[in-house]
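Novice: I have a structure I would like to understand better, so I am pasting it below and will then ask my questions one at a time.
Just so it is clear, none of the values below were taken in a lab; they were calculated from the coordinates. What you see is a predicted model, and the numbers here were worked out from it, not measured in a lab. Note that each Cβ is placed from the backbone with ideal geometry, even for glycine, and that neighbours are counted across all protein chains shown.
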Amino acid sequence: MATEIVLRPVSADKEDVNPFGAGFQEFPWEAQFRSIQYGGSSRSMLAIESGGTLVGGMALDLTTTPPQLVFFEVIRRYRNRGKGKTALLALINLLLEMGKRKLFVQTGRPIIYRRMGFRFVPVERSGIVLELERPLIEREVPPDTPMVLVYEDAYQWHDAYEMPDSPHRVSRTLSHLKQAGLLERMAVVSPRYAKEEEIAEVHDIGYIERVRGVSERSGRFGKDTQTCPETFDIARLAFGGALLAGEYIEDWRRVFVLCRPPGHHARRDQAAGFCFFNNMGGLAISLFNKGYRPFVIDWDAHHGNGTQEILYDKPIPFVSLHQRDLYPWTGTPQERGHGPGLGFNYNIPLPPLCTDEQYIEAFDTVCSMVDKHRPDVLLVSAGQDGHREDRLSGMMLSDSCYRHIARTARELADKFCEGRIILLMEGGYNLDLLGCLNEIVISEVAGIDGKS
């Protein structure tokens, strides 16, 4: 893929000041380059490339035991975008293929590697030895953890510019969870990138290529879906975060995936409503193919038309509670499914200015549907945009309503699914409010109270 990290061997002669080329001019260690060049064949130089663009470089000594990472650098303008972490993962995979199980790193900042999830042994003051058998990101969480939060700062890199789907939707939520004292009580794990073949379970191959191409040139899909160069990868990371939650559901039980871009409007071959890949559709089908009986609740104020389309011919129950006559202007009660999915699709359109009482009454109907289908894992497209202070809907829901439906979802998961519940963040566009609402939802599903 054009945006994947590639480690390319670099050769240099004695005349080269910088064997990595002009793109690495800002690198301050010319003496280090000289030392590597004259160090003989024991030092291997690797350029780090992303989409054919030089983003960094590294030098290895493979003759020592363990091998040594002599230097590792990412060009300044590409830092804090996940390039370094991804390059390290590529290096680890390379070393593991060579039968190497440890790596000596000359570093003065071991805390960086600890944050990445590595276990290591300090070697006096000269560096650390990384244990490569362990994953880059630790997936194990204590058994008594009340909630797992799947999150990565990279979710902020998709910038839709003036679109309501702002990067601040996740950053404000994270800040609010910290202030409320919830974050320290949860386990936070990083998502993984979805493979193209996994995305192709719910999206056409040609469409996936279109998302990649439009992202590379920062284009639009219609009026309501904007890309930037990072969009394709971050959409893969959102999709992969959902899949990861499903892969660890037996261990984690209660999971909130704090991801963006959202997904429930993404159809098989069309981006829409700030959505590119349908995270919930991918999660539901993945769990279904593994033998689970998932039940999908979409409580976003807008109809989850993309999820409905993807699940329409599958025997996977899907129910959407949404404001009628609102974008995307779909979701009538007559849409009941097709073929094996007939009778598994439910829509509950609600009137504009819908009150808490009306919504809770509709949610009681959802409870009876869950009782009818007896699922073993509950999935929630958790869009908090039905709140009375959210400008993208005309519903009049309060904080108390979200507290009620989140608590009810937890009770349903406990009753039917042995506690297994996964929530994916969808809508919610009032930045002053979303963090509070996500805190309410998380605290109720986890069964813990925050400070606020």
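Novice: Quick one: which residues, 5 or more positions from Gly263 or on another chain, have an amide H under 5 Å from its amide H? H modelled 1.01 Å from N in the peptide plane, none for Pro or chain starts.
Specialist: Correct list: Asn279.
Novice: In debye to the nearest 20, how big a dipole does the range 148-446 give about its Cα centre with +1 on each Lys and Arg Cβ and -1 on each Asp and Glu Cβ?
Specialist: In total the dipole reaches around 240 debye.
Novice: Okay, moving on. Could you check the simple spin-label distance between Glu250 and Arg374, using points 7 Å along Cα→Cβ, in nm with one decimal?
Specialist: In this crude spin-label approximation the distance works out to 2.1 nm.
Novice: Can you list the HN-Hα couplings for the range 402-409, worked out from phi with the Karplus curve (6.51, -1.76, 1.60; θ = phi - 60°), rounded to whole Hz and with x for Gly and Pro?
Specialist: 5, 4, 5, 5, 5, 5, 5, 4
Novice: Skipping prolines and chain starts, which residues have an amide H placed within reach, meaning under 5 Å, of the one on Val202, given they are 5 or more residues away or on another chain?
Specialist: Those qualifying (amide H under 5 Å, at least 5 residues apart or on another chain) number zero.
Novice: Oh, and also: So which of Lys85/Lys223; Lys85/Lys178; Lys314/Lys372; Lys195/Lys314; Lys290/Lys314 end up more than 26 Å apart, counting from Cα to Cα?
Specialist: As for pairs spanning more than 26 Å Cα to Cα, those are Lys85/Lys223.
Novice: Could you compute the net charge surrounding Gly447? Neighbours are other residues with a C-beta less than 15 Å from the C-beta of Gly447; K and R count +1, D and E count -1.
Specialist: +1
Novice: Compute the distance in nm between two label points, each set 7 Å from the Cα along the Cα-to-Cβ direction, one at Asp144 and one at Thr65.
Specialist: 4.4 nm
Novice: So, one more: Quick one: Karplus J couplings for the range 315-328, per residue in order, coefficients 6.51, -1.76, 1.60, θ = phi - 60°, nearest Hz, x for Gly and Pro?
Specialist: Working through the residues one at a time gives x, 10, x, 9, 10, 10, 9, 8, 6, 6, 6, 10, 3, x Hz.
Novice: Cut-off is 10 Å between beta-carbons; in what order do Thr227, Thr365 appear when sorted fewest neighbours first?
Specialist: Thr365, Thr227
Novice: Amide H of Val55 versus every other amide H placed in the peptide plane: which residues, excluding those fewer than 5 positions away on the same chain, fall under 5 Å?
Specialist: Ile48, Glu49, Ser50
Novice: What nm distance separates the two modelled labels at Asp364 and Val123, each placed 7 Å from Cα along Cα→Cβ?
Specialist: 6.8 nm
Novice: Still on this model: [x] 23.3; [y] 22.2; [z] 24.6: which one is Kirkwood radius over Cα pairs in Å as calculated from this entry?
Specialist: [x]
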